[in-house]
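> Just passing along the structure, written as structure tokens.
The values are calculated or read from the model by the stated rules, or taken from the named source; none is laboratory data. Everything numeric in this text was worked out from a predicted model, so none of it was measured. Glycine also receives a Cβ, built like all others from the backbone with ideal geometry; neighbour counts cover every protein chain displayed.
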Amino acid sequence: MEKNKKGTVKSVFKSPYMFLVPALLFYTFFWLLPVSLSLIESFTSIDGGFSLENFKMMFDDPLFGEAFRNTLIFAVISLFLQFIFALMFALLINRNFKGSKWFLFIMLIPMAIPPSAVGILWNTGLVESGWINSLLSVTGLQNLIELLGIAEGPIIWKEASGLQAVFMIILIDTWTVLPSVMIILLAGLQNFNEEYSEAARIFGANRFQALKDIVIPIIKPTIITALLLRIISGLQVWLISVMIFGFNNVPFLLERIVFYTDQVRLGVYSYKLSVTYSVFVVAVVSITAYIFIKLTKGKDWSGTSE
Amino acid sequence: MNSAGKKTLFYLAITFIAFAVIIPMMYLINISISSAIEVNDFPKRVLPVLSHDLSIEWDDESSYYIISRKSFSGEYEELTYSSKFDKIETYLITYLNISKTEEEIEEDFIVARNTGDIIYLNYNKDIFNNFGKFFKVFDGASAALVNSIQAAAITILLSMSIGGSIGYALARTKIKGKDAISLGSLVVRMFPAVSISVPMAVLLVKFGMYDTMLGLAIIYSIPNIGLTAWITRSIFMSVNPEFEEASLVFGASKIQTFKKITFPLVLPAFAASSMYAFITAWNDTAVSLLLTNNNETLALLIYKSMGGSASIHYAASGAILLILPALAFTFLLKNYINKMWG
């Protein structure tokens, strides 16, 4: 408890720090305690002494390497794709064309769909007689695919594996989260004074130069926030992979945690493994966030230093 | 290119992008009202199919009705045959989602027998059939719905009370370490919920809260308390303390002042953060997968419903049920965000 100048019990309760007590208690019990527990668990062996055998066990997981690689590829490529498309659409909507309100409304729909419903939506599409193959067949694209020799007969999407499957998950994720990146960028653009870029264009800059040298540097803080949040949740992908391809087929770090907690019952070993994976994910997330913040500080987005 | 051409091209691009969002949704909606027979149709229709075109033929030799359905190609394909109207009634509702009584069917079908011609009927589908079926096919779906609402309500309560008081302290009092608090709330928001859930399972078992909605709500509140603190801080700062002082000067008590002056002014911020809290709880699958055993939430039930492909149309209607509240709250929030920043 904070020391009070008068020191009486009554004034302690009147101290403004009392407002923070509930939060302090909450985060001590439900955040600090589990976090430190998992740290301790991950560095102790079954019999209780300090050891690194849990990490060895994790590295020995035959799918660890692929899970780690897939997670990084997913986070980086989806971040890149989502940023480019979100910025493009935000700039489009910001032009306030006729019907831009409706366009924004439609573009925001995927953001509102809960992840497990996204899983159902794309599952109904990716099965062999699903709506994606229906769409290809109705629009005649199926003929084109067969003509070009990409596939004979309907494509069996769910048989995709390796990087192909990772790219499919990236596309689905991009479809889903694009609006949330877009809405943050749009908020940044709406605060941006249009006169700056008009001035640049009067002085002879073309549209792209105005965007690169004026618009993006000014809304940079907004961009950094949006991208930081995105890369952190990008590292936490698992649900779409499991709902479409099942466990073990397209592994990700979080998919491993859920797999060892929910699917296998190896008693204490599966608990140790999932805790160790959790600690590993936290480390990856923190390091990525740190690198990201370091990289974006002191450098503007056009590549020239400030 | 002239400007009219540019404009056309621009709107073509816009339409194309919008369709990329609308078409998957249209298919999902159509699958969610599909009958058992339509699920196997290929190609699937993008526009909602609200009725079936049927043809009825009386087979005099075997003395039964042959029922056929118009397919995508326009030809009539035989579905079944029967002479008993109660059997036909069951068939229509089970495989075609058509709810007609025995008497209605008899009245329509008898024409085919009397005239000896093939007759053509257009029967409307009962579009709510699958939603009812969803709750019957998946055990505990209604309990899961109640659980989801409960978890969301507790999350809102926890985030509002704990986060709201931080927000107030940050805006209105001269406490030290405000930067540390802001940084702390960012750190806890960045922490993966799944990583917390694994060790949390052990703790919740100890506290007797494993497999309860309170346990889930605690995890959901971890990022939301920080968010609520941030939203309420900005709104408490924008409410002029002089209003409150004036009210006190004119003899109102502290509680009256809060009820009549402060509360109505900060209400929108609390509404917005409750919606965020609701969406976090409602949408989550991972945490409830790790921290519940029997008490599933609706999102988790939908996730698990992926198993049987024979029931994909029921799973789709469940998904629609899951989407509707999330959609409503997201758009309410969007209006609020526009007000705050626009």
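> Pairs under 7 Å by beta carbon, first residue in the same structural domain as B:TYR123 (by TED's automatic domain parsing) in the stretch B:86-109, partner of a type in the set (Asp, Glu) and buried (at least 17 other Cβ atoms within 10 Å of the Cβ), six or more apart or different chains?
B:ASN97/B:ASP126; B:ILE98/B:ASP126; B:SER99/B:ASP126; B:LYS100/B:GLU89; B:THR101/B:GLU89; B:GLU102/B:GLU89; B:ILE105/B:GLU89
> What is the number of the single condition among (1) at pLDDT 90 or above; (2) in a helix (DSSP H, G or I) that A:PRO62 does not meet?
For A:PRO62, the exception is condition (2).
> Would you check which residues across the stretch B:128-176 are of a type in the set (Val, Ile, Thr) and either touching a residue at least 12 places away in the same chain (Cβ under 8 Å) or not assigned by TED's automatic domain parsing to the domain that holds B:ASN283 (or both) and list them?
Residues satisfying the conditions are B:VAL137, B:ILE154, B:THR155, B:ILE156, B:ILE162, B:ILE166.
> Does B:ILE261 satisfy the criteria of being among the β-branched types (Val, Ile, Thr) and under 23 Å from B:LEU322 (Cα atoms)? If you could, list the steps in order and put the result at the bottom.
Numbers: among the β-branched types (Val, Ile, Thr): yes; under 23 Å from B:LEU322 (Cα atoms): no.
Taking the combined requirement at face value, the residue does not satisfy it.
> Could I ask something else about it? From the list B:ASP86, B:ASP139, B:ASP126, pick out the single residue that is in a helix (DSSP H, G or I), under 38 Å from the mean Cα position of the chain (by Cα) and farther than 12 Å from B:ILE67 by Cβ.
B:ASP86
> Being more than 8 Å from every other protein chain (Cβ to nearest Cβ) and under 16 Å from B:TYR303 (Cβ atoms) is the filter here, so list the residues in the stretch A:225-251 that pass it.
Listed by number, the residues that qualify are A:VAL237, A:ILE240, A:SER241, A:VAL242, A:ILE244, A:PHE245, A:GLY246, A:PHE247.
> Sort out which residues of the stretch A:104-147 are among the hydroxyl-bearing types (Ser, Thr, Tyr) and under 30 Å from B:GLU296 (Cα atoms), and write them in order of number.
Those that are among the hydroxyl-bearing types (Ser, Thr, Tyr) and under 30 Å from B:GLU296 (Cα atoms): A:SER116, A:THR124.
> Let me ask something additional. Among the residues in the stretch B:185-193, are any hydrophobic (A, V, I, L, M, F, W, C), under 23 Å from the mean Cα position of the chain (by Cα), more than 21 Å from A:ILE287 (Cα to Cα) and assigned to a helix (DSSP H, G or I)?
Checked the stretch B:185-193: no residue is hydrophobic (A, V, I, L, M, F, W, C), under 23 Å from the mean Cα position of the chain (by Cα), more than 21 Å from A:ILE287 (Cα to Cα) and assigned to a helix (DSSP H, G or I).
> Inspect all residues belonging to the stretch A:39-48 and state whether any of them is among the charged types (D, E, K, R) and at pLDDT 95 or above.
So far as the stretch A:39-48 goes, no, none of its residues is among the charged types (D, E, K, R) and at pLDDT 95 or above.
> Would you confirm, using the coordinates I've provided, whether A:TYR269 is under 27 Å from A:ASP47 (Cα atoms) and surrounded by 22 or more Cβ atoms within 10 Å (Cβ to Cβ)?
no
> Considering B:ALA272, B:ALA252, B:ALA286, B:ALA299, which residue is in contact with a Phe, Trp or Tyr (Cβ under 8 Å, 6 or more places away or on another chain), at pLDDT 85 or above and more than 18 Å from A:TRP122 (Cβ to Cβ)?
That would be B:ALA272, the only listed residue that is in contact with a Phe, Trp or Tyr (Cβ under 8 Å, 6 or more places away or on another chain), at pLDDT 85 or above and more than 18 Å from A:TRP122 (Cβ to Cβ).
> Among B:ASN240, B:ASN294, which is more than 11 Å from chain A (Cβ to nearest Cβ), closer than 25 Å to B:ILE149 by Cα and either surrounded by fewer than 13 Cβ atoms within 10 Å (Cβ to Cβ) or among the acidic types (Asp, Glu) (or both)?
Result of the check over B:ASN240, B:ASN294: B:ASN294.
> Return the pairs, sorted by first residue and then second, in which the second residue is of a type in the set (A, V, I, L, M) and assigned to a loop (DSSP other than H, G, I, E, B), the first residue lies in the stretch B:32-49 and is closer than 12 Å to B:HIS313 by Cα, the beta carbons are less than 7 Å apart, and the residues are 6+ apart or on different chains.
B:ILE33/B:ILE127; B:GLU38/B:VAL49
> Go through (1) buried (at least 17 other Cβ atoms within 10 Å of the Cβ); (2) not charged (D, E, K, R); (3) not in a helix (DSSP H, G or I) for B:SER99 and report which single condition fails.
Just one mismatch for B:SER99, condition (1).
> Could you figure out which of (1) at pLDDT below 90; (2) within 13 Å of chain B (Cβ to nearest Cβ); (3) under 30 Å from B:ALA316 (Cβ atoms); (4) surrounded by fewer than 19 Cβ atoms within 10 Å (Cβ to Cβ) isn't true of A:ALA151?
(2) is the only condition that A:ALA151 fails.
> Suppose we filter the stretch A:57-71 for residues that are in contact (Cβ under 8 Å) with a residue 40 or more places away in the chain and more than 14 Å from chain B (Cβ to nearest Cβ); how many remain?
Qualifying residue count for the region: 7.
> Ok, one more. Mind checking whether some residue in the stretch B:8-31 is at pLDDT below 95 and farther than 28 Å from A:SER100 by Cα?
Yes, there is a match, as at least one residue in the stretch B:8-31 is at pLDDT below 95 and farther than 28 Å from A:SER100 by Cα.
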